[in-house]
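Each value in this text was obtained by applying a stated rule to the coordinates, not by laboratory testing. In this text, all values refer to a predicted model and were calculated from it rather than measured experimentally. Cβ sites come from the backbone with ideal geometry, for glycine too, and all protein chains shown count toward neighbours.
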Amino acid sequence: MKDPVTFYPGAEADQGEAGGGDLAILKSRASRRAFIRGVIASGAVAGSSTFLFGSLGGCSPDRPAAGAVERLLSLNINGKVRRVDVLPNETLAMTLRYKLGLTGTKLSCDRGECGACTVVIDGVSTYSCSTLTHMVGDRQVRTIEGLEGPNGELHPIQQAMIDELGPQCGFCTPGQIMSTVALLEANPNPTRDEARHALSGNLCRCGAYDHYLNSVMRAAQEA
Ligand code: FES
Ligand code: FES
């Protein structure tokens, strides 16, 4: 290994000033200089690598990171295009309720177990708490608010729910209704068993299942 005194540029001058004095002091000075220069040099390298790799990683304001998603989406909700800023991990239930103010869609378990958050996407009843908004794309989303008639009339299924005293507390009702919408559009004359099967993903803590089934059968008959 090279002696730092002779290896480090300028060490000779120090040595000269010292008049060939104590070698340990010279070595100590040279080591300190080498250390400081080394720190400065490594800082410069770190700075340049941040510049190089930072811009590759998307830190550059005019270049998005690889794999980044466009956050401003156009969603088709109840027949209208809604522009909304959506986080990459945001569920449709969160977007509907807290970005678009459509609070008719309820959130309960928030993990695909209860059906309170049911909406209809392209004719299929879907748990919105288990659907990433970024996965919706240009599909048609319908919520309970979208059932309202042009003059505020209730949808026939909503009216049938009232006529049969379907809901008790009513918390699960929007989800029950949206599952019924999807059922009756696909199968306008379901048997009671088919209706039971179609609504099997909608739990009701009040236990009003028979009332809901009566409502579905009435809505089918009156359609
Ligand atoms: S809140 Fe979505 S299934 Fe329960
Ligand atoms: S009516 Fe109360 S939870 Fe269903």
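With respect to the numbered conditions (1) within 16 Å of ligand 2 (Cβ to nearest atom); (2) surrounded by fewer than 16 Cβ atoms within 10 Å (Cβ to Cβ), which one is the sole condition not fulfilled by residue 144?
(2)
May I ask you to list the residues in segment 174-191 that are in a loop (DSSP other than H, G, I, E, B) and either exposed (fewer than 13 other Cβ atoms within 10 Å of the Cβ) or within 16 Å of ligand 1 (Cβ to nearest atom) (or both)?
Across segment 174-191, the qualifying residues are 188, 189, 191.
To keep it simple, each residue is scored yes or no on (1) loosely packed, with under 14 Cβ neighbours inside 10 Å; (2) more than 16 Å from ligand 1 (Cβ to nearest atom); (3) not charged (D, E, K, R).
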position: 149; (1), (2), (3): yes, yes, yes
position: 164; (1), (2), (3): no, yes, no
position: 193; (1), (2), (3): yes, yes, no
position: 202; (1), (2), (3): no, no, yes
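Which of (1) free of Cβ contacts under 8 Å to residues at least 60 places away in the same chain; (2) within 24 Å of residue 212 (Cα to Cα) does residue 132 not meet, given it meets every other one?
The one condition residue 132 does not meet is (2).
Need a quick list: strands (runs of 3 or more DSSP E) entirely within segment 113-173 having at least 3 residues that are among the aliphatic types (A, V, I, L, M) and closer than 17 Å to residue 100 by Cβ.
Counting at least 3 such residues, we get 118-121.
When you check residue 202 against the structure, is it under 25 Å from the mean Cα position of the chain (by Cα), over 24 Å from residue 84 (Cβ atoms) and not in a helix (DSSP H, G or I), yes or no?
On the way: under 25 Å from the mean Cα position of the chain (by Cα): yes; over 24 Å from residue 84 (Cβ atoms): yes; not in a helix (DSSP H, G or I): yes.
Here the answer is yes, as residue 202 does meet what is asked.
Looking at segment 189-221, which of the residues that are within 17 Å of residue 114 (Cβ to Cβ) and among the hydroxyl-bearing types (Ser, Thr, Tyr) is farthest from ligand 2 (Cβ to nearest atom)?
The extreme case among them is 200.
Given the criteria among the β-branched types (Val, Ile, Thr) and either in contact with a His (Cβ under 8 Å, 6 or more places away or on another chain) or within 25 Å of residue 220 (Cα to Cα) (or both), does residue 95 qualify?
no
Within segment 204-223, how many residues are surrounded by 16 or more Cβ atoms within 10 Å (Cβ to Cβ) and either within 16 Å of ligand 1 (Cβ to nearest atom) or in contact (Cβ under 8 Å) with a residue 60 or more places away in the chain (or both)?
Final tally of qualifying residues: 2.
Please count how many residues of segment 89-124 are of a type outside the set (A, V, I, L, M, F, W, C), farther than 22 Å from residue 149 by Cβ and exposed (fewer than 12 other Cβ atoms within 10 Å of the Cβ).
Looking only at that region, the number is 2.
Among what's in segment 125-141 and is over 14 Å from the mean Cα position of the chain (by Cα) and surrounded by 17 or more Cβ atoms within 10 Å (Cβ to Cβ), pick the residue that is farthest from ligand 1 (Cβ to nearest atom).
Of all residues in segment 125-141, those over 14 Å from the mean Cα position of the chain (by Cα) come to 125-127, 138-141.
Then keep just the ones that are surrounded by 17 or more Cβ atoms within 10 Å (Cβ to Cβ); that gives 125-127, 141.
Values: 125: 11, 126: 10, 127: 4, 141: 15 Å.
This residue is 141.
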